[in-house]
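Chemist: Here it is, the structure, as structure tokens.
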Amino acid sequence: MVVERDIVTDYERWFSTPAGMYVDDKERELLINTMRFKYGERVLEIGCGTGRNIEYLGDIGLKACGVEPVEQLVKRALQKSDIKQDQIIRAPYENIPMADNSFENVIFMSSFAFATDKEAALKEAFRIASKKIGIGFLNSASITTMFKVKERRAVYMDAALFSGKSLHELVKKTLPGYGKQYMVKLRYTLYLPIRWGYMVPWVDDMLEKVNLPLGDFGFLVIAKK
């Protein structure tokens with residue numbers, strides 16, 4: 001992953017805008033509704049970046065830690081007052097110094113797209129999680145791909161794109177025991193272009209119920225049996 005300081009700063013600043021706050025709320029709402037965490041559970045975010053979600057997960061009563069391979073992002077995360085030194089580990093996605101089943105939940109929030117070896121990263125997440133793995137992704141089959149959303153996609157220029165179907169196929173290919181050892185579900189949000197969507201949130205709410213595979217942000221959950 002290539003990181004430029006100005007891009008990361010602009011990206012974080014964007015989340016304080018009305019559109020950015022709306023996107024943040026919808027993505028986290030989808031995370032909570034699909035993962036269905038229990039209070040006090042342990043959550044490991046792989047690719048935690050500057051720690052935004054680590055702070056959020058702690059605020060809602062979860063024991064959150066993060067893994068991040070990029071040194072400058074780790075430093076930015078550790079500058080935040082709500083994040084302790086031992087909550088962030090610098091390590092590659094594919095080789096995480098955590099014991100088997102050491103977290104109930106492991107999540108990627110758009111970060112899976114940056115894994116150098118996606119099959120290895122997926123296996124590592126499956127090894128560490130005792131209950132669920134969640135993978136958030138920017139949907140390559142989104143109806144908004146015809147629109148330019150520079151603020152949102154600037155840091156994803158070197159990221160691999162997935163549709164829900166292609167990600168689901170990767171999971172089944174990589175992890176044996178589909179249907180016996182684990183099940184998969186997919187949900188979507190952010191159907192409208194962001195510049196309009198936050199002004200008419202009821203449209204996204206309605207389309208989420210239908211769960212068409214066309215939302216800009218998708219979330220795939222792997223639930224172990």
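Chemist: What number goes with the only condition from (1) under 17 Å from Gly134 (Cα atoms); (2) in contact (Cβ under 8 Å) with a residue 12 or more places away in the chain that Glu169 does not pass?
Modeler: So the condition that Glu169 fails would be (2).
Chemist: State which residue is nearest to Gly134 (Cα to Cα) when the search covers only segment 186-204 and only residues that are charged (D, E, K, R) and more than 17 Å from the chain's Cα centre (by Cα).
Modeler: This residue is Asp204.
Chemist: Next question, about the same structure. Filtering segment 120-129 down to residues that are touching an Asp or Glu at 6+ places or on another chain (Cβ under 9 Å) and part of a helix (DSSP H, G or I), which residue is nearest to Leu161 (Cα to Cα)?
Modeler: Going through the qualifying residues, I end up with Ala121.
Chemist: Can I ask one more? Being surrounded by fewer than 18 Cβ atoms within 10 Å (Cβ to Cβ), of a type outside the set (A, V, I, L, M, F, W, C), under 20 Å from the mean Cα position of the chain (by Cα) and in a loop (DSSP other than H, G, I, E, B) is the filter here; which residues of segment 205-225 pass it?
Modeler: Matches in segment 205-225: Asn211, Pro213.
Chemist: How do the pairs read when you match residues in segment 7-20 that are farther than 18 Å from Pro201 by Cβ with residues anywhere that are modelled with pLDDT under 85 and exposed (fewer than 14 other Cβ atoms within 10 Å of the Cβ), using Cβ under 9 Å and keeping only pairs 6 or more apart or on different chains?
Modeler: Pairs found: Ile7/Met157.
Chemist: So how many residues does segment 63-73 have that are over 18 Å from Glu124 (Cα atoms) and crowded, with 21+ Cβ neighbours inside 10 Å?
Modeler: 1
Residues checked against (1) in a helix (DSSP H, G or I); (2) under 16 Å from Ser166 (Cβ atoms); (3) of a type outside the set (Phe, Trp, Tyr); (4) in contact with a helix residue (DSSP H, G or I) (Cβ under 6 Å, 6 or more places away or on another chain):
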position	(1), (2), (3), (4)
Leu186	no, yes, yes, yes
Trp196	yes, no, no, no
Met199	no, no, yes, no
Val203	yes, no, yes, no
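Chemist: Could you tell me whether segment 174-189 includes any residue that is under 18 Å from Gly20 (Cβ atoms), surrounded by 20 or more Cβ atoms within 10 Å (Cβ to Cβ) and touching a residue at least 24 places away in the same chain (Cβ under 8 Å)?
Modeler: yes
Chemist: Also, quick follow-up: What number goes with the only condition from (1) surrounded by 13 or more Cβ atoms within 10 Å (Cβ to Cβ); (2) farther than 16 Å from Pro97 by Cα that Lys84 does not pass?
Modeler: It fails just one condition, (1).
Chemist: Within segment 4-13, can one find any residue that is modelled with pLDDT under 90 and among the polar types (S, T, N, Q)?
Modeler: yes
Chemist: Can you name the residue in segment 130-159 that is part of a loop (DSSP other than H, G, I, E, B) and either at pLDDT below 65 or in contact with a Ser or Thr (Cβ under 9 Å, 6 or more places away or on another chain) (or both) and, of all such residues, is nearest to Lys63 (Cα to Cα)?
Modeler: Ala159
Chemist: Here's something else I'd like to know. Inside segment 5-96, counting only helices (runs of 4 or more DSSP H) that do not spill past its ends, which hold 1 or more residues that are among the hydroxyl-bearing types (Ser, Thr, Tyr)?
Modeler: Because the criterion is at least 1 residues that are among the hydroxyl-bearing types (Ser, Thr, Tyr), the helices (runs of 4 or more DSSP H) in segment 5-96 that meet it are 5-14, 18-35, 52-59.
Chemist: Across segment 97-110, what is the total count of residues that are in contact with a Phe, Trp or Tyr (Cβ under 8 Å, 6 or more places away or on another chain) and in a loop (DSSP other than H, G, I, E, B)?
Modeler: So the count comes out to 1.
Chemist: Please determine, by comparing only the residues of segment 104-113 that are surrounded by fewer than 23 Cβ atoms within 10 Å (Cβ to Cβ) and not aliphatic (A, V, I, L, M), which one is nearest to Ile133 (Cα to Cα).
Modeler: Glu104
Chemist: Within segment 116-144, can you find the residues that are in contact with a Leu (Cβ under 9 Å, 6 or more places away or on another chain) and free of Cβ contacts under 8 Å to residues at least 60 places away in the same chain?
Modeler: Listed by number, the residues that qualify are Lys118, Glu119, Leu122, Lys123, Ser140.
The values are calculated or read from the model by the stated rules, or taken from the named source; none is laboratory data. Quick caveat, the model's predicted, so the values are computed rather than measured. Quick reminder, even Gly has a Cβ in these numbers, built from the backbone with ideal geometry, and neighbours come from all protein chains shown.
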